[in-house]
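The values are calculated or read from the model by the stated rules, or taken from the named source; none is laboratory data. The model shown is predicted, which means the values in this text are computed figures rather than measured ones. Cβ placement follows ideal geometry from the backbone for every residue including glycine, while neighbour counts extend to all protein chains displayed. SASA here: full protein model, heavy atoms, side chains in, ligands and nucleic acids out. Shrake-Rupley method; radii C 1.70, N 1.55, O 1.52, S 1.80 Å.
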Amino acid sequence: MLNANTILLKIKEMYRIAFFFFLIVFSINNVIARNDGISNKKRAQIKAYFEALRNGSLRPIVPDCTLGYSNIQKYRNEVWKLWTEVNTAEENNLFECIRPLEKSDTISWLIPDSLELHARMTSYVGTKGDIAEKKWPLFLYLHGSGPKAQEWATGLKLCQRFDDAPSVYFIPRIPNEGEYYRWWQRGKQYIWEKLLRQAMMSGKIDPNRLYVFGISEGGYGSQRLASYYADYWAAAGPMAGGEPLINAPVENCGNIGFSLLTGSKDDGFYRNRLTTYTHEAFDSLEKVYNEGFVHRIELIPGAGHGIDYSPTTPWLKEFERNPYPKFFVWENFDMDGRYRDGFYNLQIVERSDTSMGSRTRYIMKIEHNTVYLSVDVVTYQTSEMDSIWGIPLKFNKSYQKAQLGKLILYLSDNLVNLEKPVRIILNDKVVYNGKLKANLHSLINSCTLFSDPYRLYPVSVEVDIEELCHKKE
């Protein structure tokens, strides 16, 4: 029989073995957590936040913690993974299984009645050419304003012939016809943002090779979309169009390729004249800023509204987006009464212009580790008006330093050296000067703002412009 001392020793030995086993398990879990870059608890919190955001329910507080520079990429990868899990499950991503364009399926997305009544966007989606390991470039094609069934069918035939393979095409049919239905209206914005979000999350589309182009009414639409969503496109190619530039500020297109081809005799709604004004504006900005604003804008000699459409996509496909430009100009204009909340690495918390239809210009330039920001309220004055239709054709713009507004500047190691002090100067006043701390909160907020795997920023600085204006040097 075992005596009491022997039993006690065996009990102690069992506890010691259990304790060592616990240490081993704890160490393994810690290693796994470190390799994943994020704890299970934080992962659940982030996913719950994304689900609440997706469902439109009351959002919990954004999970946060300070990040070391060495684990930023691990956290970035994990945040993006959780974002795609939540949103892909909800949306049934259209790029999951796509066929060649000549055998393409159609998909149909309902537009909420609050944006456009009785509207459903039906689109052809398909591939051209073969691709092995690379991701596909995506082309969004917008048709003209004739009978929509005919225009849509013609678009499918044209797109199959364009020389841009390998590629994926999204060819929508406008939901409603008539004078008041346009590609740039807010119901269609709902679709474009859904398309961009799904392309970014698909894993099959190259986020840096997204293109928009169109013909006639689609030319007008693609010119507006080029300016409005310029931070997503690699290049844009309106054809047989020509918008008054108040509808599509050229300033926003400084980091994308821009092609505009119009017939020299295409004088309907002054398309040839407005194309010339667009050319002049690009040339002027290219000289002023001495960088960016790459463009090919031509009036095709002797041509009317019908031109050769084939040169556009071969030119577009040579461009790749730079998601981290160290210089950009952004005029935040409303499209169908709706403003963007962000552009490249800026988020607008409160606009500096106070009325609908007014707008603000933001200029960002980074040199070494200093970020220069300029924020100005923009005023338009019509300098040329069409006497027949009452169309404003040309404008003079003036600028006044903003006195109001709040913005968030996001930064990453692609823009500055985060391990060194960063200086931020807005309208000639120092906003920040010192080392910046990376945090989970910034990664999550920039993820929800842009839904872009390249724009998950670990650092952010909020600036109150009114407060800054009253700050004494």
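From the list 418, 407, which one is assigned to a loop (DSSP other than H, G, I, E, B), in contact with a helix residue (DSSP H, G or I) (Cβ under 8 Å, 6 or more places away or on another chain) and in contact (Cβ under 8 Å) with a residue 24 or more places away in the chain?
Of 418, 407, the one residue that is assigned to a loop (DSSP other than H, G, I, E, B), in contact with a helix residue (DSSP H, G or I) (Cβ under 8 Å, 6 or more places away or on another chain) and in contact (Cβ under 8 Å) with a residue 24 or more places away in the chain is 418.
(1) in contact with a Pro (Cβ under 6 Å, 6 or more places away or on another chain); (2) open to solvent by 50 Å² or more (accessible area, probe 1.4 Å): which one isn't true of residue 206, the others all being true?
(2)
Within the range 62-95, how many residues turn out to be in a loop (DSSP other than H, G, I, E, B) and within 21 Å of the chain's Cα centre (by Cα)?
Of the residues in that region, 4 qualify.
Matching residues to (1) surrounded by fewer than 17 Cβ atoms within 10 Å (Cβ to Cβ); (2) acidic (Asp, Glu); (3) under 28 Å from the mean Cα position of the chain (by Cα); (4) within 27 Å of residue 50 (Cα to Cα):
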position	(1), (2), (3), (4)
400	yes, no, yes, no
438	no, no, yes, yes
444	no, no, yes, yes
449	no, no, yes, yes
457	no, no, yes, yes
462	yes, yes, yes, yes
470	yes, no, no, no
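Which residues, counting only those in the range 131-140, are of a type in the set (A, V, I, L, M) and open to solvent by 70 Å² or more (accessible area, probe 1.4 Å)?
Result: 132, single match.
Which ones in the range 387-398 are more than 22 Å from residue 250 (Cα to Cα) and either crowded, with 17+ Cβ neighbours inside 10 Å or small (Gly, Ala, Ser) (or both)?
Residues satisfying the conditions are 387, 390.
Considering only the range 209-221, how many residues are part of a helix (DSSP H, G or I) and open to solvent by 10 Å² or more (accessible area, probe 1.4 Å)?
Number of matching residues: 2.
Given the criteria open to solvent by 10 Å² or more (accessible area, probe 1.4 Å), under 20 Å from the mean Cα position of the chain (by Cα) and closer than 24 Å to residue 330 by Cβ, does residue 224 qualify?
Criteria met by residue 224.
Can you say whether residue 171 is open to solvent by less than 10 Å² (accessible area, probe 1.4 Å), part of a helix (DSSP H, G or I) and either among the β-branched types (Val, Ile, Thr) or free of Cβ contacts under 8 Å to residues at least 24 places away in the same chain (or both), as far as the supplied structure shows? Show your work before the answer.
Details: open to solvent by less than 10 Å² (accessible area, probe 1.4 Å): yes; part of a helix (DSSP H, G or I): no; either among the β-branched types (Val, Ile, Thr) or free of Cβ contacts under 8 Å to residues at least 24 places away in the same chain (or both): yes.
Judged against the criteria, residue 171 is not a match.
Looking at the range 152-168, which of its residues are touching a residue at least 12 places away in the same chain (Cβ under 8 Å) and either among the hydroxyl-bearing types (Ser, Thr, Tyr) or open to solvent by 10 Å² or more (accessible area, probe 1.4 Å) (or both)?
152, 156, 158, 160, 161, 162, 163, 165, 166, 167
Filter the range 258-291 down to the residues that are of a type in the set (A, V, I, L, M, F, W, C), assigned to a helix (DSSP H, G or I) and under 28 Å from the mean Cα position of the chain (by Cα) and list them by number.
Correct list: 274, 281, 282, 285, 288.
What pairs can you find where one residue is in the range 228-243 and open to solvent by 10 Å² or more (accessible area, probe 1.4 Å), the other is acidic (Asp, Glu), and their Cβ atoms are less than 8 Å apart, with a gap of 6+ or different chains?
Filtered contacts from the range 228-243: 232/452.
Is it the case, given these coordinates, that residue 466 is within 22 Å of residue 341 (Cα to Cα), surrounded by fewer than 17 Cβ atoms within 10 Å (Cβ to Cβ), out of contact with any Gly (no Cβ under 7 Å at 6 or more places or on another chain) and at pLDDT 95 or above?
In short, no.
If you scan the range 141-151, which residues turn out to be open to solvent by less than 40 Å² (accessible area, probe 1.4 Å) and either in contact with a Gly (Cβ under 8 Å, 6 or more places away or on another chain) or over 12 Å from residue 215 (Cα atoms) (or both)?
Passing the criteria: 141, 142, 143, 144.
Give the range 28-75 a look and list any residue that's among the β-branched types (Val, Ile, Thr), modelled with pLDDT of 85 or more and open to solvent by less than 60 Å² (accessible area, probe 1.4 Å), or say none. Even if it seems obvious, please write down each step before you answer.
Residues of the range 28-75 that are among the β-branched types (Val, Ile, Thr), as a first pass: 28, 31-32, 38, 46, 61-62, 66, 72.
Checking which are modelled with pLDDT of 85 or more leaves us with 46, 66, 72.
Of everything in the range 28-75, those that are among the β-branched types (Val, Ile, Thr), modelled with pLDDT of 85 or more and open to solvent by less than 60 Å² (accessible area, probe 1.4 Å) turn out to be 46, 72.
Name the one entry in 401, 397, 365 that is modelled with pLDDT of 95 or more, closer than 17 Å to residue 277 by Cβ and out of contact with any Pro (no Cβ under 8 Å at 6 or more places or on another chain).
Of 401, 397, 365, the one residue that is modelled with pLDDT of 95 or more, closer than 17 Å to residue 277 by Cβ and out of contact with any Pro (no Cβ under 8 Å at 6 or more places or on another chain) is 397.
Looking at the range 92-130, which of the residues that are basic (Lys, Arg) and open to solvent by 50 Å² or more (accessible area, probe 1.4 Å) is nearest to residue 158 (Cα to Cα)?
103
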